[in-house]
Amino acid sequence: MESFSLNSAKSFLGKHVNLHLKDGSVIINVKLKDIQKGSPLGEGNQVEYVPYGNQKSSRISLRNIAYAELLNLTLVSKN
């Protein structure tokens, strides 16, 4: 499996995913909102995400993400 890259992140923008991190943890059910490109000062690219049902966004470095798993929200509907 190839590593999660800028092009991979762009394909998931606006979609709900589970983010699997390289340390083995998982950030579940988030919507990828934006990609912040790094500055020349050494900051890497960052992915901005919003947890499902929340308004406040967070960011994580693209280097820390192993892969993203696309979610099917019809299976996670509220009754």
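The values are calculated or read from the model by the stated rules, or taken from the named source; none is laboratory data. Keep in mind the model is a prediction, meaning the values are calculated, not measured. Positions of Cβ are backbone-derived with ideal geometry, glycine not excepted, and every protein chain shown enters the neighbour counts. These area figures cover heavy atoms from the full protein model, side chains too; ligands, DNA and RNA do not enter into them. Shrake-Rupley method; radii C 1.70, N 1.55, O 1.52, S 1.80 Å.
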Determine the per residue accessible area of the chain with all protein chains present and a 1.4 angstrom probe, expressed in square angstrom. 70
Net charge near Leu32 (other residues with Cβ under 13 Å of its Cβ; Lys, Arg +1; Asp, Glu -1) is +2
D (Stokes-Einstein, µm²/s), Kirkwood Cα radius, region 22-68, 0.692 mPa s at 37 °C: 286
√(5λ) per eigenvalue of the Cα gyration tensor, the chain, largest first, Å: 22, 14, 11
